[in-house]
Ligand SMILES: [Zn+2]
C-alpha cells in the first residue's frame, strides 16, 4: 500500500507583523519537497519521522511530497498556502491508500481562517474514502472541519513539547488499526470558552498537569482509543480559538462525548489557573539580580516572553535588554536579537572591530500601541557564524535551526547573538555557535516562553518571567480580537459554560 506522508506546520499570530511567505519555511529557503522532505525529517523527533518509520515497518511504500515548517508569524501568504496544499493534493491525486499528516492546528492562511481544516477538506474532496491520520500540536485551535475530514487525529500532550514523535506513533497506529478493521474510530470534539495563557500551559505545572493526567486516564477507559486536550493558541484570532478536547472511541459516540464533556468541565473549573497576571518589568529584572546573588550555580534566566519567536514575536524588541542594562546587570548573554541590517553592518566591520550602532527595535508592530525602540550600543564584533545547526536537545530533536548569518556583539557587560533569521532559543547550540558557553554566564536573556525549559532550566540558578513589549504578549488587553467567539474567559470574566451532556 502507498501512504502519503507530509508536514505543513505554522502557528499563526494574527497580530504579528512578520510576513509568512514561502521562502520563510524550512531554514530560509522554502519548504522541503520530495526526497528532501524525507531527508530533512526521517531522523528527527517529529511526528513525520514516526509516520515514515511505522508505515515502512507495516510494509507500506511512503511518498513524501512536502515538509513545510515555519516559525510563527502573520497569516500564511495565499500563494505559499496554495503551493504546499497543491504538493500534498498532487500526491493524493496520483493515487494512495492512506495519508498521514503532521500539522499544527493553529494555522491561518490569507484565504482560509482554518488552514488545517481547509487542507483536510480539500483532501477529502479529492479522495472521499481515503483514511487520513493527523498529528497535531498541543496549541491546536480545534475545528469541526479538522475533525470531520480526518479519520483519526491526536495531539501532543506536553508543553514544552517533548512527545512529538510519540504523537506521530499514536496517530499512525490508530490509522493502521482502523484500516485493518481492528477498530472503528469515531471522533467527538468540543471547546470551552477559555482563552488560556500559553505561559500558564506548562504541562508540568498546575492546572495543566492534572488536566493532562485526567486525559491520559480517560484514554484507558474501555472503548476509548485516544484523548487529547489542546491548550489552544490564543493569538490566532479565529472563531474557535481556545482550549478544546478531542476524543476517539471505538464505535461508541456517546462514550466519546461523555469523556469530552467531563474533561471540558474539569478544565472550566480550573480556568482561573490558566490566566497569566503580569508584573512590572522593573521588579522582574530586580528579582533576577537578587537571584544571581543567592544560592545555586549557573545563570539566572530572564524570559522575554512577549517577544517569543514561537508565538510570532519579531525578536527585535529591546525592552528587556534595555532594562537589564539600566539596572546594571553584567555578564549577560542574549539570544537572539534578529536584526539582519545590524548583522550586515557588523560583518562588514570585521572581527574585533569597535562599532556604535542602533540595534533591534526596527520592525513596526501596528497592532501594538508602542513604537519600535532601537538600542544604541557601542561594542566589538566578537564572533561570526553561518547560523546553521542541528538540535541536540529534547525539543524539536534532530531538526535544523537556521539562524542565518549571525554575529556576536559584545557591548558593556552584555553579549548579544544578533541573527538574520528568527529562531527560538530551545537549544544550547544557539549560544555555542557564537562561542558563548551559556552555563558560565551570570544572566541569559531568552526570547522564549516555555520551550526553553527542558534545555535551559537544568543549567540555571533561577528563572524570572519578564513582561517586555511584543506581539507575543500574554496581556490580551493589548490586542483587538475580531474573529474570536464571545463571550470568552478571561476577556469576558462573566462568561459561562455548561458542557453539552453533563
Ligand atoms: Zn505548540
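The numbers here are math on the coordinates, done by the rules we state, and not lab data. Given the structure is predicted, the values throughout are model-derived calculations rather than measurements. Every residue, glycine as well, gets a Cβ built from its backbone with ideal geometry; the counts of neighbours run over all protein chains shown.
Indicate, rounded to the nearest 5 percent, the antiparallel portion of the DSSP beta bridges found entirely in segment 2-274. Let's see the in-between values first.
Values: 16 of 39 bridges.
So the antiparallel bridges in segment 2-274 amount to around 40 percent.
What is the ratio of the Cα radius of gyration of segment 281-473 to 2.2 N^0.38 Å, where N is its residue count, to two decimals?
On the way: Rg = 15.1 Å, N = 193, 2.2 N^0.38 = 16.3 Å.
Working it through for segment 281-473, the quotient is 0.93.
So for 244, 55, fewest C-beta neighbours within 10 Å to most, what's the order?
Numbers: 244 28, 55 24.
Listing 244, 55 from fewest to most nearby Cβ atoms yields 55, 244.
With the alpha-carbon atoms as the only input, what is the per residue convex hull volume for segment 70-162 in Å³?
98 Å³
Taking the alpha carbon gyration tensor of segment 2-274, what are the square roots of 5 times its eigenvalues, largest first, to the nearest whole Å?
In descending order the semi-axes read 27, 23, 16 Å.
For a footprinting-style exposure proxy, rank 73, 420 by other Cβ within 10 Å, fewest first.
So the residues, fewest neighbours to most, are 420, 73.
What number, rounded to the nearest 500 deg cm²/dmol, is the helix-based mean residue ellipticity at 222 nm of the chain, given -39500 (n - 2.57) per DSSP H run of at least four residues and division by all its residues? Don't jump to the answer; show the numbers that get you there.
Details: 13 runs with 135 residues, N = 502.
Only helices count here, giving -8000 deg cm²/dmol.
Could you estimate the translational diffusion coefficient of segment 341-411 from the Stokes-Einstein equation, with Rh from the Kirkwood formula over C-alpha pairs, at 20 °C and 1.002 mPa s, in whole µm²/s?
Answer from the Stokes-Einstein relation: 152 µm²/s.
I want the antiparallel fraction of DSSP beta bridges within segment 281-473, as a percent rounded to 5. Mind dumping the intermediate values first?
Working: 20 of 38 bridges.
Taking every DSSP beta bridge within segment 281-473, about 55 percent pair in antiparallel fashion.
Rounded to the nearest 0.05, what FRET efficiency do residue 376 and residue 494 give with R0 = 51 Å and r taken as the Cβ-Cβ distance? Could you check?
After rounding, the FRET efficiency stands at 0.65.
Can you figure out the FRET efficiency of residue 86 with residue 130, using R₀ = 22 Å and their beta-carbon distance, to the nearest 0.05?
Working: r = 17 Å, r/R0 = 0.77.
Result of the calculation: an efficiency of 0.85.
Once fully extended, how much extra length lies between residue 220 and residue 344, figured as 0.36 nm per residue of separation less the alpha-carbon to alpha-carbon distance?
Here the answer is 39.1 nm.
Among DSSP bridges having both ends in the chain, what percentage is antiparallel? Round to the nearest 5.
45 percent
Counting only Cα, what are the radius of gyration and maximum Cα-Cα distance Dmax of segment 170-316, in Å?
In order Rg, Dmax, the Cα atoms of segment 170-316 give 19.7, 63 Å.
So how do 189, 268 line up by other beta-carbon neighbours within 10 Å, fewest first?
With the sparsest Cβ surroundings first, the list reads 268, 189.
So what is the relative contact order of the chain, in percent, for Cα pairs below 8 Å that sit 6 or more residues apart?
Details: 1285 pairs, mean separation 85.2, N = 502.
Once divided by the residue count of the chain, the mean separation gives 17 percent.
Going by the alpha-carbon gyration tensor, a ≥ b ≥ c the square roots of its eigenvalues, is segment 388-434 rounded (a/c under 1.5) or, if a/c is not under 1.5, prolate (a/b greater than b/c) versus oblate? Don't skip to the answer; put the middle values down first.
Numbers: a/c = 2.75, a/b = 1.83, b/c = 1.50.
Here segment 388-434 falls in the prolate category.
Take the alpha-carbon centre of segment 433-497, take the same for segment 185-257, and report the distance between them in whole Å.
Distance between centres, Cα-based: 22 Å.
With r as the distance between the Cβ atoms of residue 121 and residue 29 and R0 = 25 Å, compute the FRET efficiency 1/(1 + (r/R0)^6) and round to 0.05.
Values: r = 29 Å, r/R0 = 1.17.
Computed FRET efficiency for residue 29 and residue 121: 0.30.
Provide the gained length on full extension for the span residue 327 to residue 480, in nm with one decimal, where the gain is 0.36 nm per separating residue minus the Cα-Cα distance.
Full extension from residue 327 to residue 480 adds 51.8 nm.
Take the alpha carbon atoms of segment 118-148, find their center, do the same for segment 18-70, and report the distance between the two centers in whole angstrom.
Comparing the Cα centres of segment 118-148 and segment 18-70, I get a distance of 18 Å.
Take the Cα pairs of the chain, get the Kirkwood Rh, then feed it into Stokes-Einstein at 4 °C and 1.567 mPa s and tell me D in µm²/s.
Here the translational diffusion coefficient equals 56 µm²/s.
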